[in-house]
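Here's the structure we're looking at; comments come further down.
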Amino acid sequence: MACPATAGVAALIRSYFPELSASEVREVLMATTATYKKTVIAPNGEKAKMKDLCITGGFVNAANAVSYLLEKK
């Protein structure tokens, strides 16, 4: 479910900020994730930290992304 959620937030950002390129949208999404510090169950069944399972160590956050872009204006 991460891909559809991230694609939705990217579409939201592009609809409000059409001047942004795809790489700029990616940068915003990466910079504004909501970090998750608890341990999770990895696909192999073992406990792991989110930062060990994905690049950002968190989840996409539409509110953070839009706030970040509005502050940059």
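With P(r) over Cα pairs in 10 Å bins from 0, in percent in mind, check [x] 19, 47, 24, 9, 1; [y] 19, 52, 23, 6; [z] 19, 48, 30, 2 and report the label derived from this structure.
Only one listed value fits the structure, namely [x].
Considering only lysines 8 or more places apart in sequence, or on different chains, count the pairs in the chain whose C-alpha atoms sit under 15 Å apart.
6
Between Lys49 and Ser21, how many nm apart are label points set 7 Å from Cα along the C-beta direction?
Between Lys49 and Ser21, the label points sit 3.3 nm apart.
Rank Cys3, Ala48, Leu70 by how far each Cα sits towards the positive end of the charge dipole of region 2-72 (+1 on Lys, Arg Cβ; -1 on Asp, Glu Cβ) and give me just the farthest.
Ala48
Work out how much length Thr6 to Phe59 would gain on full extension: take 0.36 nm times their residue separation and subtract the Cα-Cα distance, in nm to one decimal.
18.2 nm
So, by mean Cβ neighbours within 10 angstrom, what's the order for 46-52, 67-73 with the highest one leading?
Top of the packing list down: 46-52, 67-73.
Where a number appears in this text, it was derived from the coordinates with a stated rule and is not lab data. Everything numeric here is computed off the predicted structure, so don't read it as measured data. Backbone-built Cβ (ideal geometry, glycine too); neighbour counts: all protein chains shown.
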